[in-house]
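Contents: one structure, followed by commentary.
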């Protein structure tokens, strides 16, 4: 029970259909793209492509079963792959009351616009970073699946955002790497510096040894703030579940203090309180102090924005919303195309936003502190008085 659209490049098929202006174009595009996604999932379940001889194969296909898919643009007949062992069912698509067709329409539109998006995304990724100094830099990474050399592999999409001299957020860069290692992080940061990234005083991210090494090598003089949210989650794994609420409340009290001295004093008190009952957690909290409390050396009005990666997490959520419906990208260029387009759109919204993320006056304190020498607070970090 063959389906001719499954053996063709979806973008080429879309262009051909658009040129022919078929009256049922949208339904046919939905069917073709959906078949491609189901075929990719069936291939992953089998461990090899259809008809491929491979030592990695764990299953094989056994034809198709026809299934009607009711959407808001009409009923579409799909050829759902069958497996010789076990079963395959695209519940993300055909489960009752799911609105996957809404996401599919967006994917189709983005696929059709792909070639016209490439120059815009390239310009966005390679533009000069000339709105610095960029006092604060947030770095994070997402994982996507894509085809590479006939295999389906995980790739890492690195994203960097910052606050510019005007107090507005910018998305500085995005790139795709095979592995989230130190070399990839270093290359990513060097690319930002080559485009004009300057004045970074603090990098905020999740804990990653390769990133810390990259910061030291590429951004000398910049500090590192370990995301407090991720740290607390890790810390709570060191205590019994029954005590996690108590420990989380104690740790959060550290961040509720009015100034740097009080933050460090409370940190020491909480370490002492945990020592008797939760020694492993106390040790972890004590050792992480300089990393988790780096925010305290900066102006008080910035603390909430810089003590975690939450601002970046919200952006990541939007990227995932747009990429999860794709499932498996055809190649790395497709990842850059879609993620870059989403980020460029968000960047433009930030640029024209009426309200600044941080005030120009408070950012000036961060840059002036280094020139005047600053004081040294608890933990050995430079103190920038708010």
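What follows is calculated from the coordinates using simple rules that are stated; it is not laboratory data. Fair warning: this is a prediction, and the values are worked out from it, not measured in the lab. Ideal geometry is used to build each Cβ from the backbone, glycine not excepted, and the neighbour counts take in all protein chains shown.
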With a ≥ b ≥ c from the Cα gyration tensor eigenvalues, square-rooted, and the rule rounded for a/c under 1.5, otherwise prolate when a/b > b/c and oblate otherwise, the stretch 261-367 is oblate
Each label sits 7 Å from Cα toward the beta-carbon; between residue 127 and residue 65 the label points are separated, in nm, by 5.1
In this structure, the FRET efficiency calculated for residue 190 and residue 353 from their beta-carbon separation, with R0 = 30 Å, to the nearest 0.05, is 0.55
Most packed first (mean Cβ within 10 Å per residue), the peptides 126-139, 255-268, 294-307 order as 294-307, 126-139, 255-268
Simple spin-label estimate for residue 58/residue 333, 7 Å along Cα→Cβ, in nm, reads 3.2
Here the FRET efficiency for residue 233 versus residue 324, based on Cβ atoms and R0 = 25 Å and rounded to 0.05, is 0.70
Quick note, the stretch 299-357: a/c under 1.5 would make it rounded; otherwise a/b > b/c is prolate and the rest oblate (a ≥ b ≥ c, C-alpha gyration tensor); here it is prolate
Simple SL model, points at 7 angstrom along Cα→Cβ for residue 248 and residue 262; separation in nm is 2.4
